[in-house]
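This is the structure, below, for whatever I ask next.
Each reported figure results from applying straightforward, stated rules to the coordinates on display, with no laboratory input. Note that the coordinates shown come from a computational prediction; the quantities given were computed from them, not determined experimentally. Cβ placement follows ideal geometry from the backbone for every residue including glycine, while neighbour counts extend to all protein chains displayed.
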Ligand SMILES: Cc1cc2nc3c(=O)[nH]c(=O)nc-3n(C[C@H](O)[C@H](O)[C@H](O)COP(=O)(O)O)c2cc1C
């Protein structure tokens with residue numbers, strides 16, 4: 001049994017974020033906390049089944065616990081993709097029922113599938129028939145005018161009957177027309193109390209709350225009402241906030257690494273990835289926010305963003321930038 005299985009599995013999760021939570025970001029975030037649960041970017045079932053699997057799915061063993069988020073609406077394709085994901089070692093298969101983008105809607109998956117709970121139940125059942133790891137759902141409070149509490153509970157009950165026991169709820173609804181994905185993360189108001197009520201009414205389910213959470217103190221407060229908290233944007237704006245997670249949210253007594261130590265621990269990983277041909281900028285972009293609100297943080301960000309793109313860019317750029325950030329806190 002791993003130490004992770006002894007701790008509540010979804011207490012603090014880092015949200016799946018396209019173009020952000022790639023394997024390099026996840027490796028860095030794992031250096032900040034041993035226990036947070038990490039999610040991949042959404043990958044479509046079709047891409048997993050027909051694309052370059054090694055490129056899309058491989059990850060470092062250090063990343064555990066790590067969940068694969070899939071997008072799609074075809075039970076068989078999702079089940080096949082989940083099986084492939086499980087064979088790569090993912091700890092969970094998560095289905096995206098929350099993305100409102102036009103591209104995702106035109107392929108009829110993401111948030112619009114909230115209106116088709118029976119189909120989602122079929123997808124969950126098909127995936128569960130093929131994998132042993134948990135199958136979870138990430139969704140919203142509702143879509144368009146389907147925003148009553150009953151709509152949400154009907155969705156949750158229907159999908160639960162197929163064997164999904166964990167629901168991650170972005171605590172706002174999505175408008176499928178007229179708002180960009182970015183606006184859909186800002187404009188529909190957050191309603192945390194609705195998620196709390198869901199937990200009260202479905203006490204046997206694991207309910208994880210998401211949306212607008214930027215501090216561990218807020219996460220801690222939400223944990224009085226829900227089983228877990230998922231943090232998205234704050235994890236890339238200010239990743240160092242996660243350095244205190246193991247102590248504050250998991251009751252672990254490990255020494256908290258400084259920002260400098262985190263960078264030094266990430267450097268061997270950068271070097272190994274550079275040796276495999278990964279461009280430096282793909283590795284350093286996740287470091288940009290590390291010195292957020294710290295004296296010298298802007299110079300750090302500038303030094304990395306201006307220099308890491310250069311063709312000959314090597315690890316010396318990170319080392320030089322680090323030497324110039326004097327303050328630890
Ligand atoms: C750049 C970006 C990409 C995202 N990509 C995904 C995704 O692939 N799958 C998904 O379920 N949600 C995605 N989201 C939504 C986040 O997972 C999360 O639900 C949302 O940002 C709200 O949480 P926050 O307020 O803590 O950021 C994305 C959000 C951002 C900012």
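Checking the structure you have, find out if any residue of region 21-32 is within 16 Å of the ligand (Cβ to nearest atom) and closer than 24 Å to residue 126 by Cα.
no
In region 158-170, is there at least one residue being out of contact with any strand residue (DSSP E or B) (no Cβ under 7 Å at 6 or more places or on another chain) and within 16 Å of the ligand (Cβ to nearest atom)?
no
Report whether or not residue 187 is touching a helix residue (DSSP H, G or I) at 6+ places or on another chain (Cβ under 8 Å) and on the phi < 0 side of the Ramachandran plot.
So residue 187 fails the test.
Another question about this same structure. Just the residues that are more than 18 Å from the chain's Cα centre (by Cα) and surrounded by 24 or more Cβ atoms within 10 Å (Cβ to Cβ), please, taken from region 125-140.
127
Please state which one of 149, 196, 240 is over 27 Å from residue 40 (Cβ atoms) and in contact with a helix residue (DSSP H, G or I) (Cβ under 7 Å, 6 or more places away or on another chain).
149
Identify, please: which residue in region 80-109 is free of Cβ contacts under 8 Å to residues at least 24 places away in the same chain and away from the ligand (no atom under 16 Å from the Cβ) and is, among those, nearest to residue 175 (Cα to Cα)?
Among residues in region 80-109 that are free of Cβ contacts under 8 Å to residues at least 24 places away in the same chain and away from the ligand (no atom under 16 Å from the Cβ), the one nearest to residue 175 (Cα to Cα) is 106.
Could you check how many residues of region 217-226 are within 11 Å of the ligand (Cβ to nearest atom) and either under 12 Å from the mean Cα position of the chain (by Cα) or surrounded by fewer than 22 Cβ atoms within 10 Å (Cβ to Cβ) (or both)?
1
Still on this structure: For residue 168, state whether it is in a loop (DSSP other than H, G, I, E, B) and within 25 Å of residue 65 (Cβ to Cβ).
No, not satisfied.
Let me ask you something else. Looking at (1) crowded, with 23+ Cβ neighbours inside 10 Å; (2) out of contact with any helix residue (DSSP H, G or I) (no Cβ under 6 Å at 6 or more places or on another chain); (3) assigned to a helix (DSSP H, G or I), can you tell me which one residue 81 breaks?
(2)
Something else: Has region 227-238 got at least one residue that is more than 28 Å from residue 324 (Cβ to Cβ), surrounded by fewer than 21 Cβ atoms within 10 Å (Cβ to Cβ) and away from the ligand (no atom under 11 Å from the Cβ)?
Yes, region 227-238 contains a residue that is more than 28 Å from residue 324 (Cβ to Cβ), surrounded by fewer than 21 Cβ atoms within 10 Å (Cβ to Cβ) and away from the ligand (no atom under 11 Å from the Cβ).
Scan region 66-73 and give yes if some residue there is touching a helix residue (DSSP H, G or I) at 6+ places or on another chain (Cβ under 7 Å) and assigned to a helix (DSSP H, G or I), otherwise no.
No.
Going through region 199-216 one residue at a time, which ones are away from the ligand (no atom under 15 Å from the Cβ) and either part of a strand (DSSP E or B) or surrounded by fewer than 15 Cβ atoms within 10 Å (Cβ to Cβ) (or both)?
Result: 200, 201, 203, 204, 206.
Now for a separate question. Check off (1) crowded, with 21+ Cβ neighbours inside 10 Å; (2) touching a residue at least 40 places away in the same chain (Cβ under 8 Å) for residue 57 and give me the number that stays unchecked.
Status for residue 57: all satisfied but (2).
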